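To start, the structure itself, in structure tokens.
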Amino acid sequence: MKKTFELIAPCHFGMEAVLKREIIDLGYEISLVEDGRVTFVGDDEAICRANIFLRTAERVLLKVGSFRAESFEELFQGTKAIAWEEYIPQDGKFWVAKASSIKSKLFSPSDIQSIMKKAMVERMKKAYGLERFPETGSSYPLRVFLYKDMVTVGIDTSGDSLHKRGYRTLTSKAPITETLAAALILLTPWNKDRILVDPFCGSGTFPIEAAMMAANMAPGMKRTFLSEDWKNLIPRKCWYEAMDEANEMVDDTVEVDIQGYDIDGEIVKAARANAEAAGVGHMIHFQQRPLSALSHPKKYGFLITNPPYGERIEEKENLPALYREIGERFRALDSWSAYMITAYEDAEKYMGRKADKNRKIYNGMMKTYFYQFLGPKPPRRKAGDEIET
């Protein structure tokens, strides 16, 4: 009988509902949704599938315990009570990679990290009959969250953050992460049958993530994960089967109209290289093109973009004119919808239209807004419309 785990998937604040839907679509039961993370139930196979298939999770943590701690002694004893020997072999390398604390009496990350490491050593000394641990084997880094004195402990199964898909080697000045780009696309009604244009494509993240969705290409297919080395917990067979499943689902022959423009020719070259590395280069049309040349002959398309929002004072002076031009070009696109993430609070004012929906999203520590300008829905196809006679 397979062992059942609780798995924690952190995500961007405000994207919990998108991630929850992804996890349910993978076939797993949600046990808890909190700010910035979703907890679900799964087995060893779920660890592999979640890492390979989830587009909007930052990583996948194997939850090993939770307890209340208002003092360092309670933190020590609570950590020591966890059966670490069930997760970490005696040659395993283990440490507290990150500790975060919100509204809790214990708030020093470095103290939390060192006390928990000591408690783990004490527990494992007794379990393995060792005084010293070689730590020459596989890595088992911990991530710890303290919220209102409740400590939640997870072992990181992913290693590098899941936004590192393995395709983006070249980036523009202010790139959006792959996980956030995917989540924003999933917040829109866009699908592979509709046109998508990003007029500020930078290193190509929006078009590439959209093309991967259209091709049913799992985001983790071109990278490795830390827990691939956890032979004590996850049989290699689970990884092979999950990757076989991902490969069988890909259809990169699907016809799409996905375009990315940027005024910087070198950045456009980088975007093309990234798309090729992702395996979707043939699905996207990248072009060096200024915003003033933004147009498209077809109706009912989508603009999904991350325009400049002026990180430096001299750049801020150009923003009114830039957003006025975005508004003008959007109005010229008959019946299109526009979705735009920006930290510029006057975006609606200069675009000349109030957004139909506006969602506040934290991109790292920066407060941004996801403005949604909705166009009309395309008419429903009648039966037989797509069949040529």
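Search the structure for amide H atoms under 5 Å from the amide H of SER104, placed 1.01 Å from N in the peptide plane, and list their residues when 5 or more places away or on another chain.
LYS148, ASP149
I'd like the FRET efficiency for GLU70 and ARG353, computed as 1/(1 + (r/R0)^6) with the beta carbon distance as r and R0 of 56 Å, rounded to 0.05. Before the final figure, lay out the partial values.
Working: r = 51 Å, r/R0 = 0.91.
Calculated transfer efficiency: 0.65.
Solvent-accessible area per residue for the range 5-156 at a 1.4 Å probe radius, Å²? Walk me through the intermediate numbers first.
Details: 6530 Å² over 152 residues.
Roughly 43 Å² per residue, with all protein chains present.
Where is the GNM fluctuation largest for the chain (alpha-carbon springs, 10 angstrom cutoff): PHE53, PHE67, PHE200?
PHE67
Test of understanding: what is the full-extension gain from TRP95 to PHE13, defined as 0.36 nm times their sequence separation minus their Cα-Cα distance?
Numbers: separation 82, 0.36 × 82 = 29.52 nm, distance 2.61 nm.
That pair, TRP95 and PHE13, stretches by 26.9 nm at full extension.
Could you look at the chain and say what percent of its accessible area is carbon and sulfur, using a 1.4 Å probe and all protein chains? Could you put the intermediate results ahead of the total?
On the way: 9340 of 18720 Å².
Carbon and sulfur atoms account for 50 percent of the accessible area of the chain.
Give the lysines reachable from LYS98 as a straight Cα distance under 19 Å; neighbours fewer than 8 places away on the same chain don't count.
Partners found: LYS63, LYS80, LYS117, LYS118, LYS148, LYS164.
Rounded, prolate or oblate: pick one for the chain, where a ≥ b ≥ c are the square roots of the eigenvalues of its C-alpha gyration tensor, a/c under 1.5 means rounded, and failing that, prolate if a/b is larger than b/c, else oblate.
Prolate.
Based on the alpha-carbon gyration tensor of the range 72-152, what equivalent-ellipsoid semi-axes (square roots of 5 times the eigenvalues) come out, in whole Å, largest first? Walk me through the numbers on the way to the answer.
Details: eigenvalues 108, 33, 19 Å².
Values for the range 72-152, descending: 23, 13, 10 Å.
Mean residue ellipticity at 222 nm from the helices of the chain, using -39,500 (n - 2.57) per DSSP H segment of n ≥ 4 over the full residue count, to the nearest 500 deg cm²/dmol? Walk me through the numbers before you get to the answer.
Working: 11 runs with 120 residues, N = 389.
Calculated from helices alone, the mean residue ellipticity at 222 nm is -9500 deg cm²/dmol.
State whether the range 5-156 is rounded, prolate or oblate according to the following rule on the C-alpha gyration tensor (a ≥ b ≥ c being the square roots of its eigenvalues): a/c under 1.5 gives rounded; otherwise a/b larger than b/c gives prolate, and the remaining case gives oblate.
Values: a/c = 2.30, a/b = 1.39, b/c = 1.66.
Cα axes put the range 5-156 in the oblate bin.
Pairs of alpha-carbon atoms within less than 8 angstrom and 6+ residues apart define the contacts here; what relative contact order does the chain have, in percent? It would help to have the intermediate numbers written out before the result.
Details: 785 pairs, mean separation 54.8, N = 389.
Relative contact order of the chain: 14 percent.
The values are calculated or read from the model by the stated rules, or taken from the named source; none is laboratory data. Note that this is a predicted model, so its numbers are computed, not measured. Glycine also receives a Cβ, built like all others from the backbone with ideal geometry; neighbour counts cover every protein chain displayed. To get the accessible areas, we keep the full protein, side chains included, count just its heavy atoms, and leave off ligands, DNA and RNA. Shrake-Rupley method; radii C 1.70, N 1.55, O 1.52, S 1.80 Å.
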